[in-house]
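Structure, as structure tokens:
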Amino acid sequence: MSKLNQLSLREAAEGLKKKKFSSVELTKNCLEQIDKADKQINAFITLDKTALNQAKEADGRIASGNDSPLLGIPIALKDLFLTKDLRTTAASKILENYIPVYDATVVRKLKEAGVVILGKLNHDAWGHGASGENTNFGPTKNPWNKDYVPGGSSSGSAASVSSDMCIAATGTDTGGSSRLPAAFCNVVGLKPTYGRVSRYGIIAMSSSLDSIGHLTKTVEDSALFLNITAGNDPQDPTTPNIPVPDYTKSLGKSIKGVKIGVPREYTTEVGGLDTEILSLFEKTLKELHKLGVEIKEISLKHTEYANACYYVIQPAEVSSNLARYDGIRYGSARQNFGEEAKRRIMLGTFTLSAGYYDAYYKKAMQVRTLIKNDFEKAFNEVDAIITPVSPTPPWKIGEKIDDPLKMYLSDIFTVTANLAGIPGLSVPSGFTKNNLPTGIQILGPQFSEERLFQVGYAYEQATRFFERKPNL
Amino acid sequence: MTPVIGLETHVELKTNSKMFCGCSADYFGQKPNTHTCPVCLGLPGALPVPNKTAIEWCVMLGMALNCDIPQFSKFDRKNYFYPDLPKGYQISQYDKPFCVNGNITLQNGKRIGITRVHMEEDTGKLIHENVSGEDVTLIDFNRSGVPLVEIVTQPDFDNAKDVIDYLKKLQQIVRYLGVSNADMEKGDMRLEPNISLRKNAEKELPKYKVEVKNINSFSFVEKAINYEIKRQTEILNDGKTPIQETRGWNQAKQKTVTQRVKEEASDYRYFPEPDIPPIHWTKSQISNLKFQIGELPEEKFKRFERDYVLSNYDAEILTRETTLADYFEETVDLGKKHGLSAKQVANQIINKKTEIDKILPAQLILEIIKLTVKEDIDKDKLRKIVKEVLEKNPKIRNDYKAGKKNVLQFAIGAAMSMVGKKIDTKELIKIIMEELK
């Protein structure tokens with residue numbers, strides 16, 4: 001039998017329920033793996049010393065008949081999620097010693113569901129980055145090849161799940177931060193519809209774009225996780241009161257006859273699309289075709305403006321959201337912000353300034369509406385859209401760190417979903433010749449997560465890339 | 001030269017909870033930093049949840065000031081750095097305020113335009129203190145996030161007296177609506193006049209503007225405006241232009257002093273608050289709020305004059321505050337059974353300065369009755385006195401014939417003093433009229 005930490009969430013939950021093993025055993029296995037692997041990967045910033053106690057408590061609840069699907073499951077949290085009494089750093093020196101006084105809503109829900117929190121995960125500080133290198137706690141390595149980046153910003157989340165240090169991990173996705181690292185590490189990453197999951201208690205990056213997601217080993221796990229985190233939160237007025245379905249219900253349903261659009265702007269017309277990514281993507285389309293999917297070429301006309309639009313709106317909101325770390329509280333002066341945060345603060349401050357607002361922020365908001373309309377139109381024709389997650393495979397650590405524009409271009413396929421507020425599911429789609437993982441993303445209309453899980457699950461079960469594990 | 005004066009007024013609402021969190025908004029006199037939570041402390045991850053009551057009150061205030069209520073409105077972030085502002089921005093409203101285009105009519109009939117009425121949050125409070133020998137600045141966040149409504153007028157005033165009249169009217173309306181105590185001493189109302197001067201012939205607004213910040217008393221506003229008019233007149237008379245700046249009122253020195261010289265336009269980098277979805281009012285929501293507004297001072301005043309046949313003076317006093325007006329109406333209602341007139345009740349309340357929080361209306365009626373018990377007097381004796389008065393004062397008859405009816409008051413007074421005790425004036429007037437015919 002494989003080690004318990006290698007189980008998927010569903011398998012682990014089943015084992016716990018059938019009392020094949022305890023949460024304490026499962027948690028111990030994860031902690032052992034962290035102990036063994038994290039020296040090389042650097043996925044964790046802080047370990048929660050109470051993990052085994054939490055596991056003991058969970059075992060008690062299991063013994064008393066509680067069968068919540070996440071009960072006793074060891075998970076880890078991106079370090080943007082506030083955890084009461086447990087240090088939360090945003091991977092920045094600015095909050096190096098910050099102990100929150102409250103739990104994020106998602107953390108509270110997960111705790112109530114009985115998860116075991118192993119610790120807090122590394123990421124690009126404040127969520128700024130696509131490589132996991134913009135952190136004050138040292139870059140996270142890709143478990144598939146430690147010379148390569150794991151993708152960001154949820155770098156530690158992807159790397160820890162991929163290397164079986166935890167069963168699942170939370171992530172955030174403002175421009176691709178859950179989907180991109182998931183693709184780079186061969187795990188499943190969800191960016192839910194904007195407002196589907198509460199943002200309360202999660203350190204804000206760009207408030208109109210931030211989506212609270214998670215990274216899991218399988219699509220089914222992703223659905224199980226969303227069952228817990230989704231829903232209206234009275235403390236976040238951007239979470240509408242739309243009922244939360246059982247997201248596992250759509251799993252296993254046939255996708256025969258489902259219409260899936262492939263935007264030509266993402267494949268044939270975009271510069272810089274890696275040939276290997278393109279050929280893997282074509283394989284994906286064939287695979288989907290075999291499953292009975294109707295593939296249709298579509299157009300998302302304003303795609304070429306998306307990145308520009310994103311890199312105006314996002315830094316603008318960043319500059320405002322980071323203003324509170326002013327050196328008066330939190331004990332760290334503003335000069336301790338990293339280069340990337342400083343760059344975004346400057347950029348955002350500039351574009352919001354009098355005389356520039358109309359030319360930048362306002363125009364970007366107008367473009368954002370056009371991008372939204374593009375998707376709305378497209379979803380009149382097709383049920384879902386599929387694209388590569390990233391135009392390139394993972395790159396080497398250090399390769400793009402001095403070229404922010406190049407780094408920003410890796411977001412080019414993912415930012416549109418954030419601008420439009422729609423959900424996206426990143427699913428493993430095979431490996432490059434260098435044995436580096438890649439991923440596809442499935443996009444759907446707002447609040448269509450069930451459909452994404454249905455398509456993702458069918459594709460995943462047909463291709464079974466998730467079964468491959470990195471050699472550590 | 002003519003003064004051009006506009007006014008910005010901040011009114012703190014007396015909602016139970018703060019603008020964007022559940023903390024108690026009643027901070028006055030409380031131990032520092034006891035009414036706080038992650039939201040009003042601006043802690044990482046915290047999100048604002050707008051206070052529905054505060055928004056409704058803001059809209060109702062706008063309606064009472066004859067504003068239009070646009071169906072679309074939103075909150076914006078006003079970004080600036082100050083230690084009492086924990087988020088680094090204030091949630092306010094920029095280009096889509098809840099209320100626009102209102103007006104208020106002053107006592108003298110002059111109409112003052114209201115540009116806008118919008119909703120925002122208050123800041124924390126800095127306290128400069130010496131703690132164990134060290135000069136320190138402490139921050140109390142109890143006030144942080146308390147709902148504030150800002151009312152901005154057009155630059156329609158040309159003298160301080162009108163400004164004070166406006167402020168009294170505004171304060172009265174706010175209190176009538178019950179949305180704020182508008183207690184100056186507690187900082188419920190903060191006033192910021194902006195003052196400049198133009199040549200009498202000019203139509204355009206002057207090219208500069210001096211703002212006097214954060215005044216917390218009507219009389220200081222009056223003094224500050226008058227001081228500024230004098231100061232600016234002198235500068236202009238020297239052929240210079242006063243600089244555009246923010247000044248403060250120094251009560252000790254009885255003058256305004258420079259606080260900061262403003263850049264062309266202060267750059268608050270406003271942008272739509274992404275944490276709060278925009279507000280779309282339905283027509284029925286708006287009309288429902290309108291329906292909730294009770295009688296406003298102007299209407300009550302007119303009704304008192306008309307229905308209770310009161311003088312302008314009495315009606316004005318009795319309608320200054322709703323508590324007094326309600327007390328009056330209740331007393332009048334009770335007094336009817338005892339044959340008391342509204343005028344009698346009004347006289348008692350106004351002239352005797354009734355302590356309405358100590359004397360119940362029923363008690364007051366007993367007092368009035370006691371005072372109005374009339375002693376009987378022989379009609380013939382009364383007629384004799386009247387005749388005597390008219391003989392001694394032939395002017396009464398002459399004036400009366402000339403149409404000067406006021407002279408009757410004099411006749412009554414003269415007769416009463418000869419009677420020397422309280423009598424029923426109706427009977428007396430009847431006799432005087434008969435004798436004058």
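Go through the residues of the stretch A:216-227 one by one and say whether even a single one is modelled with pLDDT of 95 or more, farther than 30 Å from A:K120 by Cα, touching a Phe, Trp or Tyr at 6+ places or on another chain (Cβ under 8 Å) and surrounded by 14 or more Cβ atoms within 10 Å (Cβ to Cβ). Steps first, please.
Of the stretch A:216-227, the ones modelled with pLDDT of 95 or more are A:216-227.
Filter once more, keeping what is farther than 30 Å from A:K120 by Cα: none.
Within the stretch A:216-227, not a single residue is modelled with pLDDT of 95 or more, farther than 30 Å from A:K120 by Cα, touching a Phe, Trp or Tyr at 6+ places or on another chain (Cβ under 8 Å) and surrounded by 14 or more Cβ atoms within 10 Å (Cβ to Cβ).
Any idea how many residues of the stretch B:230-251 are closer than 18 Å to B:E8 by Cα and not charged (D, E, K, R)?
Residues flagged as closer than 18 Å to B:E8 by Cα and not charged (D, E, K, R) within the stretch B:230-251 amount to 4.
Test A:G129 against the stated conditions and say whether it is more than 13 Å from chain B (Cβ to nearest Cβ), surrounded by 24 or more Cβ atoms within 10 Å (Cβ to Cβ) and either within 26 Å of A:R344 (Cβ to Cβ) or free of Cβ contacts under 8 Å to residues at least 40 places away in the same chain (or both).
Numbers: more than 13 Å from chain B (Cβ to nearest Cβ): yes; surrounded by 24 or more Cβ atoms within 10 Å (Cβ to Cβ): yes; either within 26 Å of A:R344 (Cβ to Cβ) or free of Cβ contacts under 8 Å to residues at least 40 places away in the same chain (or both): yes.
Yes; evaluated as a whole, the condition is true for this residue.
For the structure I just gave you, tell me whether A:N53 is touching a residue at least 24 places away in the same chain (Cβ under 8 Å), more than 23 Å from the chain's Cα centre (by Cα) and part of a helix (DSSP H, G or I).
Working: touching a residue at least 24 places away in the same chain (Cβ under 8 Å): no; more than 23 Å from the chain's Cα centre (by Cα): yes; part of a helix (DSSP H, G or I): yes.
Criteria not met by A:N53.
Tell me, which residue of the stretch A:263-292 that is touching a Lys or Arg at 6+ places or on another chain (Cβ under 8 Å) and under 21 Å from A:V219 (Cα atoms) is surrounded by the most Cβ atoms within 10 Å (Cβ to Cβ)?
From the stretch A:263-292, those touching a Lys or Arg at 6+ places or on another chain (Cβ under 8 Å) are A:265, A:276, A:291-292; that's our starting set.
Next, from what is left, pick out any that are under 21 Å from A:V219 (Cα atoms): A:291-292.
Working: A:L291: 16, A:G292: 12.
Residue satisfying both the conditions and the ranking: A:L291.
Quick check: is even one residue across the stretch B:242-262 exposed (fewer than 14 other Cβ atoms within 10 Å of the Cβ) and over 30 Å from the mean Cα position of the chain (by Cα)?
yes
Yes/no matrix, rows are residues, columns are (1) assigned to a loop (DSSP other than H, G, I, E, B); (2) more than 20 Å from A:F337 (Cβ to Cβ); (3) modelled with pLDDT of 95 or more:
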{"position": "A:A76", "(1), (2), (3)": "no, yes, yes"}
{"position": "A:T88", "(1), (2), (3)": "yes, no, yes"}
{"position": "A:I94", "(1), (2), (3)": "no, no, yes"}
{"position": "A:Y98", "(1), (2), (3)": "yes, no, yes"}
{"position": "A:E112", "(1), (2), (3)": "no, yes, yes"}
{"position": "A:L118", "(1), (2), (3)": "no, yes, yes"}
{"position": "A:A130", "(1), (2), (3)": "yes, no, yes"}
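In the stretch B:193-206, which residues are touching a Leu at 6+ places or on another chain (Cβ under 7 Å) and modelled with pLDDT of 95 or more?
B:P193, B:L197
I'd like the residue in the stretch B:275-318 that is of a type in the set (D, E) and crowded, with 16+ Cβ neighbours inside 10 Å and, out of all such residues, is nearest to the chain's Cα centre (by Cα). Break it down stepwise before answering.
Quick first cut of the stretch B:275-318, residues of a type in the set (D, E) only: B:275, B:295, B:298-299, B:305, B:307, B:314, B:316.
Checking which are crowded, with 16+ Cβ neighbours inside 10 Å leaves us with B:275, B:298, B:305, B:314.
On the way: B:D275: 34, B:E298: 12, B:E305: 20, B:D314: 18 Å.
Per the stated criteria, the residue is B:E298.
Taking the options A:I212, A:I260, name whichever one is within 14 Å of chain B (Cβ to nearest Cβ), aliphatic (A, V, I, L, M) and buried (at least 20 other Cβ atoms within 10 Å of the Cβ). Walk me through how you get there before you give the answer.
Working: A:I260 fails: within 14 Å of chain B (Cβ to nearest Cβ).
The unique qualifying residue is A:I212.
Being within 14 Å of another protein chain (Cβ to nearest Cβ) and either over 19 Å from B:L43 (Cβ atoms) or in contact (Cβ under 8 Å) with a residue 24 or more places away in the chain (or both) is the requirement here; does B:L106 meet it?
Working: within 14 Å of another protein chain (Cβ to nearest Cβ): no; either over 19 Å from B:L43 (Cβ atoms) or in contact (Cβ under 8 Å) with a residue 24 or more places away in the chain (or both): yes.
No: the conditions fail for B:L106.
Output yes when any residue across the stretch B:137-148 is at pLDDT 95 or above, within 25 Å of B:I317 (Cβ to Cβ) and more than 16 Å from the chain's Cα centre (by Cα), and no when none is.
For the stretch B:137-148, residues at pLDDT 95 or above, within 25 Å of B:I317 (Cβ to Cβ) and more than 16 Å from the chain's Cα centre (by Cα): absent.
As an exercise: evaluate B:D357 against (1) surrounded by 12 or more Cβ atoms within 10 Å (Cβ to Cβ); (2) in the same structural domain as B:F301 (by TED's automatic domain parsing) and give the number of the one condition it does not meet.
Only one criterion in (1) surrounded by 12 or more Cβ atoms within 10 Å (Cβ to Cβ); (2) in the same structural domain as B:F301 (by TED's automatic domain parsing) is unmet by B:D357, namely (1).
Under 6 Å by Cβ, and 6 or more places apart or on different chains, what pairs join a residue from the stretch A:141-152 that is surrounded by fewer than 24 Cβ atoms within 10 Å (Cβ to Cβ) with one that is assigned to a strand (DSSP E or B)?
A:D147/A:K396; A:Y148/A:N142; A:Y148/A:K396
Which residue pairs have Cβ atoms under 8 Å apart, sit 6 or more places apart or on different chains, and have a first residue in the stretch B:301-316 that is on the phi > 0 side of the Ramachandran plot and a second that is part of a helix (DSSP H, G or I)?
Qualifying pairs under 8 Å: B:V309/B:A342; B:V309/B:K343.
Filter the stretch A:168-200 for residues that are away from chain B (no Cβ under 14 Å) and assigned to a strand (DSSP E or B) and give the result. Break it down stepwise before answering.
Kept after step one, since they are away from chain B (no Cβ under 14 Å), are these residues of the stretch A:168-200: A:168-169, A:171, A:173, A:175-193, A:196.
The answer is A:A168, A:A169, A:G171, A:D173, A:V188, A:G189, A:L190, A:K191.
To keep it simple, each residue is scored yes or no on (1) outside any loop (DSSP other than H, G, I, E, B); (2) surrounded by fewer than 23 Cβ atoms within 10 Å (Cβ to Cβ); (3) outside the structural domain of B:H280 (by TED's automatic domain parsing).
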| position | (1), (2), (3) |
| --- | --- |
| B:A46 | no, no, no |
| B:V49 | no, yes, no |
| B:W57 | yes, no, no |
| B:L61 | yes, no, no |
| B:N66 | no, yes, no |
| B:K78 | yes, yes, no |
| B:P83 | no, yes, no |
| B:P86 | no, no, no |
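Mind checking which helices (runs of 4 or more DSSP H) fall wholly inside the stretch A:356-437 and carry at least 1 residues that are small (G, A, S)?
Numbers: elements: A:363-381, A:404-409, A:415-420.
Qualifying helices (runs of 4 or more DSSP H): A:363-381, A:415-420.
Taking the conditions exactly as written (assigned by TED's automatic domain parsing to the domain that holds B:D26, within 30 Å of B:G22 (Cα to Cα) and in contact with a Leu (Cβ under 6 Å, 6 or more places away or on another chain)), does B:V179 satisfy them or not?
On the way: assigned by TED's automatic domain parsing to the domain that holds B:D26: yes; within 30 Å of B:G22 (Cα to Cα): yes; in contact with a Leu (Cβ under 6 Å, 6 or more places away or on another chain): yes.
Taking the combined requirement at face value, the residue satisfies it.
Here is a yes/no grid of residues against (1) in contact (Cβ under 8 Å) with a residue 24 or more places away in the chain; (2) more than 14 Å from chain B (Cβ to nearest Cβ):
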{"site": "A:F21", "(1), (2)": "no, yes"}
{"site": "A:E32", "(1), (2)": "yes, yes"}
{"site": "A:D35", "(1), (2)": "no, yes"}
{"site": "A:D38", "(1), (2)": "yes, yes"}
{"site": "A:D48", "(1), (2)": "yes, yes"}
{"site": "A:G60", "(1), (2)": "no, yes"}
{"site": "A:S64", "(1), (2)": "no, yes"}
{"site": "A:L80", "(1), (2)": "yes, no"}
{"site": "A:L86", "(1), (2)": "yes, no"}
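Name every residue in the stretch B:341-394 that is at pLDDT 85 or above, in a loop (DSSP other than H, G, I, E, B) and within 27 Å of B:K437 (Cα to Cα), in order of residue number.
Hit for the stretch B:341-394 is B:N393, nothing else.
Being among the hydroxyl-bearing types (S, T, Y) and over 23 Å from A:I99 (Cβ atoms): is that true of A:S157 here? Break it down into steps so the answer makes sense when it comes.
Numbers: among the hydroxyl-bearing types (S, T, Y): yes; over 23 Å from A:I99 (Cβ atoms): no.
It is false that A:S157 is among the hydroxyl-bearing types (S, T, Y) and over 23 Å from A:I99 (Cβ atoms).
Quick check on the stretch B:120-143: of everything there that is closer than 13 Å to B:M19 by Cβ and touching a Leu at 6+ places or on another chain (Cβ under 7 Å), which residue is surrounded by the most Cβ atoms within 10 Å (Cβ to Cβ)?
We begin by selecting, within the stretch B:120-143, every residue closer than 13 Å to B:M19 by Cβ; these are B:120-123, B:143.
Subsequent filtering for residues that are touching a Leu at 6+ places or on another chain (Cβ under 7 Å) retains B:120-123.
Working: B:E120: 20, B:E121: 26, B:D122: 24, B:T123: 19.
That would be B:E121.
Here is a yes/no grid of residues against (1) away from chain B (no Cβ under 14 Å); (2) in contact with a helix residue (DSSP H, G or I) (Cβ under 6 Å, 6 or more places away or on another chain); (3) without any contact (Cβ under 8 Å) to a residue 24 or more places away in the chain:
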residue	(1), (2), (3)
A:K253	yes, yes, no
A:E265	yes, yes, no
A:L273	yes, no, no
A:H289	yes, no, yes
A:L300	yes, yes, no
A:I313	no, yes, no
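If only one of B:V117, B:V100 is modelled with pLDDT of 95 or more, surrounded by fewer than 19 Cβ atoms within 10 Å (Cβ to Cβ) and assigned to a strand (DSSP E or B), which one is it?
None of the others qualify; the one that does is B:V100.
The values are calculated or read from the model by the stated rules, or taken from the named source; none is laboratory data. On a predicted model such as this, the values are computed, not experimentally measured, just so you know. Neighbour counts run over all protein chains shown; Cβ positions are idealised from the backbone, glycine included.
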